[in-house]
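Only one structure is covered here, and it is reproduced in the block below.
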Amino acid sequence: MAEYRPLRLESARIKADQLRATGAKLVCTMCHNCIDGLTDVIRHYKLDMKVVQVLDLVANAMLIPAGSGAVSGK
C-alpha cells in the first residue's frame, strides 16, 4: 500500500545495510513479493546490485554457448 511505503523503506534500512555488507551484485529469491520489496530497497538506498529469481539463475546456467559443439538433443 502506497501510504506505508515511506515507513516500509525506513524500516528496511537494516536490510539495505545487510545487503551492502555482502558486497554481492545479485540477491536471489523465489518470492515475487520479495522481488518487489528488495527492488524497492535497492533502488531507494542506491545499492549496486539487482534482484534475480532462482529460476533465472538455473536457466542461465543451462544455456549452452553457440559454437560449443554440444549436441542439442533435437
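Here, each number is a calculation from the coordinates, and none is a lab measurement. A quick note: this is a predicted structure, and the numbers were derived from the prediction, not measured. Cβ atoms come from the backbone with ideal geometry, glycine included; neighbour counts cover every protein chain shown.
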Computed lengthening from T39 to A2, 0.36 nm per intervening residue step minus Cα-Cα distance: 11.8 nm
- prompt: What is the extension gain from D48 to L63, computed as 0.36 nm multiplied by their sequence separation minus the C-alpha to C-alpha distance, in nm to one decimal?
  reply: 2.8 nm
query: Do any cysteines of the chain lack a neighbour Cys whose Cβ is under 4.7 Å away, and which are they?
result: C28
- prompt: By its C-alpha gyration tensor, with a ≥ b ≥ c as the square roots of the eigenvalues, how is region 2-61 shaped: rounded for a/c under 1.5, else prolate for a/b larger than b/c, else oblate?
  reply: oblate
The chain - charge dipole about Cα centre, Lys and Arg +1 at Cβ, Asp and Glu -1, debye rounded to 20: 140
statement: Rounded to the nearest 10, the angle in degrees between the Cα long axis of helix 32-44 and the longest principal axis of the Cα atoms of the chain comes to 60
- prompt: For K50, K25, K15, what's the fewest-to-most ordering of other Cβ within 10 Å of each Cβ?
  reply: K25, K50, K15
